[in-house]
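Asker: Below is the structure I would like to discuss, written out as structure tokens.
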Amino acid sequence: MDNADPVLDAKAAEAERRRIIAGRNNVTALVLVGLVVLFFAITIVKRTGHSAAETRAALEGHPVATAHSGAQ
Amino acid sequence: MARSHAAALQVRGFGQGGWGMSQPNMPPRPIQKMPAEWRDFFALTKPRVMTLVIFTGLCGLLAAPVSINPVIGFTAILCIAVGAGGAAALNQWWEADIDAGMKRTAGRPLPAGRMERESARDFGFALSGIAVMTMGLGVNWLCAAILAVSIFYYAVIYTIWLKPRTPQNIVIGGGAGAFPPMIGWCAATGHISLMPVVLFAIIFMWTPPHFWSLALFVRTDYAKVGIPMLPVVAGEAVTRRQILIYTIALAPLAVAPALLPRAMGGFGAVYGVVSVALSLAFLGFALWVGLRRRQGDGDSMKPEKRMFAFSVLYLFVLFGALVADRWIVG
């Protein structure tokens, strides 16, 4: 026979539920922040040209020296 | 709190609202299960399988004869990984009942009862959609289209259509896992040429001996749930012969990138030596497995297990050699 106190068990269950949801919320927030940063970086790369050298040059304010590669 | 405790609470019927703690005189509210943990969603993406997918995709990207901006390259690999995770989630949503019947998969989130089926389905669709859209917007739409095809291939053509119907499921379904290096190459170059098709063909031909060596030692699991894997339908002798045939067919394909001219994206001596050595070793395992017979019920199936383990190593080293060759030889 189960002698567990139902009130205590219900409290533990509620705490567990809150912990799980908090964990999920934290991971979702991290993923969303990551996506924002990624799209920000993609936007910069797309605006300044695709090669790493071109992106660096553009970010440092130098004129873009090389032509864009058609393939990229 | 340990997950097992949570499961115990679920079994007892406690969960959201439990027995109405804030209103002790009210009758018990309906039983509600615990929500799934983020770790369960992560497990749904088959992280171990994803490792191989990411690796082959990365190798396709790095072995291409042109350089790629690191941000675009990272985006491509991320999308390949997320797309593979989405396809894996859809696979587990569809196969939850089958997974419950097999020892190897019974601990997954759905058969273990840690997640609702609908959550897995929605998660799979969401991941797949995000991966394809991000690939299209961030990398290029050709890569996005190939990624979408690969997800559809795995989730629908393989999981829903082929797997429960034909013992050739692994042969045709192997195409799903063969797309990542093609996508990686396409992300770098912006187009598809002969070389990424050869890389596709290598994984395509590698898949049957890889999976059938596994199927030989988990045959009873597949038989129990009615999946028509080759050892279940055609027997062990046929499977062993097919492993040998596919491994022999794989060998020239594995060496082909070293034989193609540079102008077609061909590779050099580093890859050539590694691919020949690996192919000989893989053929050795295939001969060992292909020519032996099970020694009664107590057979430990050591050659089959070793071949399965070596097949994973084979693909890692072969694709690693592509990148090494491109970096060393140029």
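The values are calculated or read from the model by the stated rules, or taken from the named source; none is laboratory data. Source: prediction; values computed, not measured. No Cβ is skipped: glycine too gets one built from the backbone with ideal geometry, and neighbour counts run over all protein chains shown. These area figures cover heavy atoms from the full protein model, side chains too; ligands, DNA and RNA do not enter into them. Shrake-Rupley method; radii C 1.70, N 1.55, O 1.52, S 1.80 Å.
Asker: For B:Pro303, work out the one condition from (1) open to solvent by 50 Å² or more (accessible area, probe 1.4 Å); (2) within 29 Å of B:Ala237 (Cβ to Cβ); (3) without any contact (Cβ under 8 Å) to a residue 40 or more places away in the chain it doesn't fulfil.
Answerer: (1)
Asker: Test B:Phe55 against the stated conditions and say whether it is open to solvent by 10 Å² or more (accessible area, probe 1.4 Å), over 27 Å from B:Gly226 (Cβ atoms) and either small (Gly, Ala, Ser) or without any contact (Cβ under 8 Å) to a residue 12 or more places away in the chain (or both). Give the steps one after another, and end with the answer.
Answerer: On the way: open to solvent by 10 Å² or more (accessible area, probe 1.4 Å): yes; over 27 Å from B:Gly226 (Cβ atoms): yes; either small (Gly, Ala, Ser) or without any contact (Cβ under 8 Å) to a residue 12 or more places away in the chain (or both): no.
Here the answer is no, as B:Phe55 does not meet what is asked.
Asker: Would you mind finding the one in B:Leu199, B:Leu162 that is under 17 Å from the mean Cα position of the chain (by Cα), in contact (Cβ under 8 Å) with a residue 24 or more places away in the chain and more than 22 Å from B:Val289 (Cβ to Cβ)? If you could, list the steps in order and put the result at the bottom.
Answerer: On the way: B:Leu162 fails: in contact (Cβ under 8 Å) with a residue 24 or more places away in the chain.
Only one candidate qualifies: B:Leu199.
Asker: Taking the options B:Pro167, B:Pro70, name whichever one is within 28 Å of B:Pro208 (Cβ to Cβ), of a type outside the set (S, T, N, Q), at pLDDT below 95 and surrounded by fewer than 23 Cβ atoms within 10 Å (Cβ to Cβ). I'd like the intermediate steps shown before the answer.
Answerer: Values: B:Pro70 fails: within 28 Å of B:Pro208 (Cβ to Cβ).
From the options B:Pro167, B:Pro70, the qualifying one is B:Pro167.
Asker: Quickly run through the stretch B:111-135 and pick out the residues that are within 20 Å of the chain's Cα centre (by Cα), more than 24 Å from B:Ala188 (Cβ to Cβ) and in contact (Cβ under 8 Å) with a residue 60 or more places away in the chain.
Answerer: B:Ala120, B:Phe123, B:Gly124
Asker: Take B:Ala144 and tell me if it is farther than 26 Å from B:Val232 by Cα, open to solvent by less than 10 Å² (accessible area, probe 1.4 Å), within 14 Å of another protein chain (Cβ to nearest Cβ) and outside any loop (DSSP other than H, G, I, E, B).
Answerer: Details: farther than 26 Å from B:Val232 by Cα: yes; open to solvent by less than 10 Å² (accessible area, probe 1.4 Å): yes; within 14 Å of another protein chain (Cβ to nearest Cβ): yes; outside any loop (DSSP other than H, G, I, E, B): yes.
So B:Ala144 passes the test.
Asker: Within the stretch A:1-51, track down each residue that is more than 9 Å from chain B (Cβ to nearest Cβ), over 28 Å from B:Arg39 (Cα atoms) and modelled with pLDDT under 85.
Answerer: Residues satisfying the conditions are A:Met1, A:Asn3, A:Asp5, A:Thr48.
Asker: B:Tyr271 fails exactly one of the following numbered conditions: (1) in contact with a Gly (Cβ under 9 Å, 6 or more places away or on another chain); (2) away from chain A (no Cβ under 14 Å); (3) in contact (Cβ under 8 Å) with a residue 12 or more places away in the chain; (4) not small (Gly, Ala, Ser). What is the number of that condition?
Answerer: (1)
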